[in-house]
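The values are calculated or read from the model by the stated rules, or taken from the named source; none is laboratory data. Computed from a predicted structure; not experimentally measured. In this analysis, Cβ positions are derived from the backbone assuming ideal geometry, glycine residues included, and neighbour counts consider all displayed protein chains.
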Amino acid sequence: MEKKLNLTSNPIGRLLKQIAIPASVGSLFQTLFNIVDIFFAGKISSEALAALTKSFPLYFLIISAGIGIVAGCNSLIANCLGERNKMAASIYSYNTLVFAVLFSIVITFIGIYFSYDLLKIMGNSSESIKLAKEYTDVIFLGTIVFLIQTSFNAILYSQGDTKSYRNFLAVGLIFNIILNPIFIFGLFFIPAFGIAGLAISTILIQFAGCVYLFLKVNKTELKIALKIENFSVRRNFLVNIFYQVMPITFSLFLVAIGSFILLFFISIFGNPAIAGYGVGIRSEHLFTLPVIGLNIAVISIASQNFGARRFDRIREVYFKAILIGVIIMCFAGVIIYLFSESIIRIFSNDLEVIKFGSQYLKIIAFTIPIYPVFFISNAFFTAVKKTSFIFYSNLFRLIILPAIVVWSILNIFDGGFQDIFFGLLYMNWIFGFFVLLLVRIVMINKFYEKKKFFFFI
């Protein structure tokens, strides 16, 4: 039997390895899952590939809600476990599921009834909107499946179990490869659904994941008994979940809004630029997976230690995770720069798509070493219940500053496609150092530190 992790006493380095690596591998399978969708969308047509790219900001509304639930509820449950309050942790677990159901209803309504207008804002043609809506309408109907699954995942993450979700994603990737062509092109009694087949395949796999993760949760100390009385709303707990989850979710909504804004500007360079950027950004995600794993690990470790008042361990896990993340991202940047064209060619033979995609990747190779600061700092703010800081940080980094920078590049300096991302490169590095300073200020105030020097840990 595998030894249970003790997040408040085991060595930090070992915990990062034991939690972050399975989480990173799980994120790898999740990204490969999305890349498989891109691959098969390209097999339908270049228009379908562009439509999938344009629909991603809408899909990200669901993703951001799921990440908000995982991060926010993970930290609340882990805080209770760190305080050795199993009863409160169990109540949070049940109310997390209630919150997920209520939240899914809201998101489904927004997605179904406002997707057309949101897609139109990006300057899409009627045919492009039609293709994108075929995909997003099905995805939004499956929102409840996504969010219930993330609730089970939050319960597992709070106890340091990142392996169960990894295992599901590995199997899910295999089934996605099998089911995508069946639902896209049809087979036997299954009709050809086209681009909607990508969404149908995804929802079926996510439903299977719900069942699997439910079974895994019931092997832990926070079992979920399917009795109506267990799911009665505890107002204080639900309010705490709301205030912990919503700033994270809204901060991630800003990612979707930022994507809308960026795609709006990129659209002036045509569909090849949009498709190249879409393939490039999905490929970029593949290389940033270790940082996502570190983010998950820091939330779980720091949250339990915040409940146990072990501030020294929170400080240690934060700085160790950033150091590890920066080193890994520097190596990843070298690989991205050297093989940028080869990466894009995997997904498209269109020379224009390859040109734009490789240009994006060569610039982003110099941006990603600062990403660990943003990811790990967000994990820190989540653990110490300062999630509003994540919202304001993302508001400036993803909306206000990029809009000013990109508009200025295109309208004042008459810049081109590459100039957009050079501007964002400089902006991210400058803002990264500001976030480091903000984290140190919070540490000094929250941990009652006497040392006031920024780099004095």
Query raised in the report: What about E284, is it modelled with pLDDT under 90 and of a type in the set (D, E)?
Result: yes
Requested in this report: For the range 349-366, state whether one or more residues are without any contact (Cβ under 8 Å) to a residue 12 or more places away in the chain, out of contact with any strand residue (DSSP E or B) (no Cβ under 9 Å at 6 or more places or on another chain), of a type outside the set (K, R) and surrounded by fewer than 20 Cβ atoms within 10 Å (Cβ to Cβ).
Outcome: yes
Query raised in the report: Any chance the range 234-244 includes a residue that's within 18 Å of the chain's Cα centre (by Cα) and either surrounded by 19 or more Cβ atoms within 10 Å (Cβ to Cβ) or of a type in the set (D, E) (or both)?
Result: yes
Query raised in the report: So which pairs qualify, if the first residue must be in the range 229-256 and within 12 Å of T96 (Cα to Cα) and of a type outside the set (F, W, Y), the second must be in a helix (DSSP H, G or I) and at pLDDT below 80, the Cβ gap must be under 9 Å, and the two must be at least 6 apart or on different chains?
Result: I241/G72; Q244/A71; Q244/G72; V245/A71; V245/G72
Requested in this report: Mind telling me which of the residues I35, I69 ends up being at pLDDT below 80 and either among the basic types (K, R) or within 17 Å of the chain's Cα centre (by Cα) (or both)?
Outcome: I35
Requested in this report: Give the residues of the range 1-32 that are over 20 Å from the mean Cα position of the chain (by Cα), of a type in the set (A, V, I, L, M) and either buried (at least 20 other Cβ atoms within 10 Å of the Cβ) or at pLDDT 80 or above (or both), sorted by residue number.
Outcome: L7, I12, L15
Report summary line: When (1) farther than 20 Å from I274 by Cβ; (2) part of a loop (DSSP other than H, G, I, E, B); (3) not β-branched (V, I, T) are applied to L436, the one that fails is (2)
Query raised in the report: When you go through S90, S104 one by one, which is the residue that is out of contact with any strand residue (DSSP E or B) (no Cβ under 7 Å at 6 or more places or on another chain), modelled with pLDDT of 85 or more and within 18 Å of N240 (Cβ to Cβ)?
Result: S90
Requested in this report: Spot the failing condition for I77; the list is (1) under 19 Å from I299 (Cβ atoms); (2) at pLDDT below 85, and only one is missed.
Outcome: (2)
Query - Matching residues, the range 331-346, being surrounded by 14 or more Cβ atoms within 10 Å (Cβ to Cβ), part of a helix (DSSP H, G or I), at pLDDT 90 or above and not hydroxyl-bearing (S, T, Y) - result: A332, G333, I336
Query - Neighbours by Cβ (under 7 Å, 6+ apart or cross-chain): first from the range 145-169, at positive phi; second among the aliphatic types (A, V, I, L, M) - result: G160/L5; G160/L7; G160/I19
Report task. With the condition kept exactly as written, say whether any residue in the range 119-130 is of a type in the set (D, E, K, R) and at pLDDT below 75. Result -> yes
Query raised in the report: Within the range 263-282, which residues are closer than 30 Å to L323 by Cβ and either of a type in the set (F, W, Y) or over 14 Å from the mean Cα position of the chain (by Cα) (or both)?
Result: G280
